[in-house]
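Below: one structure, written as structure tokens.
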Amino acid sequence: MNSISRRNMLTAAAAGGGLLTAATIAGAQSNEPVPQPQRPGHGGTDRGPRNLARDRQNPDILVPPSTDHGTLPNLRFSFSDSHMRLETGGWTRQVTSRELGISKNIAGVNMRLNAGGVRELHWHKQAEWSYMLYGTARITAVDAQGRNFVDDVGVGDLWYFPSEGIVSIQGLNPDGCEFLLVFDDGDFDEDDTFLITDWFKHVPTEVLAKNFGVAASFFGHTPDPSERYIFPAPVPGPLSSDKIPGATAVPQSFSHRLMAQEPIKTKSGTVRISDSSNFPVSTTIAAALVEVNPGGMRELHWHPNTDEWQYYIEGQARMGVFAASGQARTFDFRAGDVGFVPFAMGHYVENTGDTPMRFLEVFKSNYFADVSLDQWMALTPPELVEAHLKLDRQVMDALRKTKAPVVPA
């Protein structure tokens, strides 16, 4: 500031009939224009109190496009606003129906395991699907038929554990791992999983002795469950060292190399789809990894089978959602945000940054399906389309009979 003190500046502003807030001053000091909730002929200034950082990150909420209308519920939540559970071997946080109320079918967990960090042996009622965000991990599982699975996974790999599976995850060298977990139930709560230490602590030692055929004195020393959940342990050796001699392997792999797939390529991005057709064990979760170049857009489309749950990995985007009956709303996203599109609602996702934007589309389904607005119009008699929309001939001639999931600027 110049020679006028902050206090004098506030006093002068108040005397002139308007209070200059700290948020406004902060905006002026940063030399960034202070965004205002107004467009020509509509809205007005907001002199605060306000959260300028939030307003700048959400320009389409502060100033909705004129095409937005109605009262669609919130379709966005950030993992940055979730409770962070810090453990001795890493951390975890979640977005469930408690945080994003409209998401009844899917919940998500973001988890970090340090090198050696273990997500305790456990099971849960829901199936678990995962996308590796960083580093490497060793995953293990045993199914209800007593068949086992052990594998190492890295960035871009998936895993899927059916609800019957007993599983563990451990971070590997050099720096552990971070991953997204998706569960096929919006009410899933990571604090309510079935943990092996918790069970041991609540079974009488004489029952444990009878079960395992050894003396009761061998029991009663189980660490408290609060000390486990995510805890440090020695980093395991090579994958071969964790193979169980004589064990029968699961008939279908619980892991999938998504990045090894040949993507659907367009001028402005790529799409890799994973469902039960190429990852057979994944019977309740289908997904698409979408990359959109600057200025590009995931085309106008909708999904005819179920809701869409999104996770933004990189870049920034805006999504417009059309809900019929004149209802429409626009949201802005950055890395770490979760988005949601209710079943059958039309939408687009546009890269609004100057770097590639990547996000996951996730569905509670055994198959991926989308309907392209462009393709639908191209495969409908043109006279019928023109009668509805009164489009110029150039628009009609540009319609694509082949789906292009990512379109250029």
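The values are calculated or read from the model by the stated rules, or taken from the named source; none is laboratory data. These numbers come from a predicted model, not from an experiment. Glycine gets a Cβ as well: all are built from the backbone with ideal geometry, and neighbour counts include every protein chain shown. All accessible areas refer to the heavy atoms of the entire protein, side chains included, with ligands and DNA or RNA removed. Shrake-Rupley method; radii C 1.70, N 1.55, O 1.52, S 1.80 Å.
Within the range 357-373, one or more residues are among the basic types (Lys, Arg), crowded, with 22+ Cβ neighbours inside 10 Å and either more than 27 Å from residue 127 (Cβ to Cβ) or modelled with pLDDT of 95 or more (or both).
Please list, ordered by residue number, the strands (runs of 3 or more DSSP E) wholly in the range 227-275 having 2 or more residues that are in contact with a helix residue (DSSP H, G or I) (Cβ under 8 Å, 6 or more places away or on another chain).
Working: elements: 255-257, 264-266, 269-274.
Fully inside the range 227-275 and qualifying: 269-274.
The residues in the range 195-222 that are in a loop (DSSP other than H, G, I, E, B) and open to solvent by less than 40 Å² (accessible area, probe 1.4 Å) can be counted, and the count is 3. Among the residues of the range 304-330, the ones that are under 23 Å from residue 267 (Cα atoms) and outside any strand (DSSP E or B) come to 1 in all.
Out of the range 216-233, which residues are at negative phi and among the small types (Gly, Ala, Ser)? Steps first, please.
Step one: of the range 216-233, the residues at negative phi are 216-219, 221-228, 230-233.
The answer is 216, 217, 226, 233.
For the range 104-156, how many residues meet the condition of being in a loop (DSSP other than H, G, I, E, B), touching a Gly at 6+ places or on another chain (Cβ under 7 Å) and among the small types (Gly, Ala, Ser)?
Kept after step one, since they are in a loop (DSSP other than H, G, I, E, B), are these residues of the range 104-156: 104-106, 114-117, 124-127, 136, 143-147, 154-156.
Narrowing the set further to residues that are touching a Gly at 6+ places or on another chain (Cβ under 7 Å) leaves 104-106, 114-117, 136, 143.
Then keep just the ones that are among the small types (Gly, Ala, Ser); that gives 115-117.
Here the count works out to 3.
Annotation note: of 317, 287, the sole residue that is crowded, with 21+ Cβ neighbours inside 10 Å, under 14 Å from residue 406 (Cα atoms) and either within 20 Å of the chain's Cα centre (by Cα) or not β-branched (Val, Ile, Thr) (or both) is 317. Counting only residues that are crowded, with 24+ Cβ neighbours inside 10 Å and within 13 Å of residue 134 (Cα to Cα), how many does the range 171-194 have? Matching residues across the range 171-194 total 3. Count, please, the residues in the range 331-353 that happen to be touching an Asp or Glu at 6+ places or on another chain (Cβ under 8 Å) and part of a loop (DSSP other than H, G, I, E, B). Number of matching residues: 4.
Annotation: residue 12 fulfils all but one of (1) of a type in the set (A, V, I, L, M, F, W, C); (2) open to solvent by 50 Å² or more (accessible area, probe 1.4 Å); (3) at pLDDT 95 or above; the unmet one is (3). Residue 247 fulfils the conditions (1) in contact (Cβ under 8 Å) with a residue 60 or more places away in the chain; (2) buried (at least 17 other Cβ atoms within 10 Å of the Cβ) except for a single criterion, (2).
Any residue in the range 66-77 that is buried (at least 20 other Cβ atoms within 10 Å of the Cβ), touching a strand residue (DSSP E or B) at 6+ places or on another chain (Cβ under 9 Å) and within 30 Å of residue 41 (Cβ to Cβ)? Checked against the condition, which is being buried (at least 20 other Cβ atoms within 10 Å of the Cβ), touching a strand residue (DSSP E or B) at 6+ places or on another chain (Cβ under 9 Å) and within 30 Å of residue 41 (Cβ to Cβ), the range 66-77 yields at least one hit. Contact map, the range 183-197: residues that are over 10 Å from residue 126 (Cβ atoms) paired with residues that are of a type in the set (Asp, Glu), Cβ distance under 9 Å, separation 6+ or inter-chain. Pairs shown: 195/120; 196/120; 197/120; 197/224; 197/227. The sole residue among 142, 153, 118, 95 that is touching a strand residue (DSSP E or B) at 6+ places or on another chain (Cβ under 7 Å) and closer than 19 Å to residue 314 by Cα is 95. Given the condition without any contact (Cβ under 8 Å) to a residue 12 or more places away in the chain and out of contact with any Lys or Arg (no Cβ under 8 Å at 6 or more places or on another chain), answer yes or no: does some residue in the range 86-95 qualify? Yes; the residues of the range 86-95 include at least one that is without any contact (Cβ under 8 Å) to a residue 12 or more places away in the chain and out of contact with any Lys or Arg (no Cβ under 8 Å at 6 or more places or on another chain).
Scanning the range 101-153 for residues that are more than 19 Å from residue 170 (Cβ to Cβ), among the aliphatic types (A, V, I, L, M) and buried (at least 21 other Cβ atoms within 10 Å of the Cβ) turns up 106, 107, 127. The one condition from (1) among the hydroxyl-bearing types (Ser, Thr, Tyr); (2) open to solvent by 30 Å² or more (accessible area, probe 1.4 Å); (3) modelled with pLDDT under 95 that residue 80 does not meet is (3). Looking across the range 328-356, just one residue is open to solvent by 50 Å² or more (accessible area, probe 1.4 Å), under 20 Å from residue 306 (Cα atoms) and in contact (Cβ under 8 Å) with a residue 60 or more places away in the chain, and that is 329. Against the conditions (1) within 19 Å of residue 296 (Cβ to Cβ); (2) surrounded by 19 or more Cβ atoms within 10 Å (Cβ to Cβ); (3) of a type outside the set (Ser, Thr, Tyr); (4) more than 19 Å from the chain's Cα centre (by Cα), residue 323 satisfies every one except (1). Filtering 255, 274 for residues that are open to solvent by less than 10 Å² (accessible area, probe 1.4 Å), under 20 Å from the mean Cα position of the chain (by Cα) and not β-branched (Val, Ile, Thr) leaves a single hit, 274.
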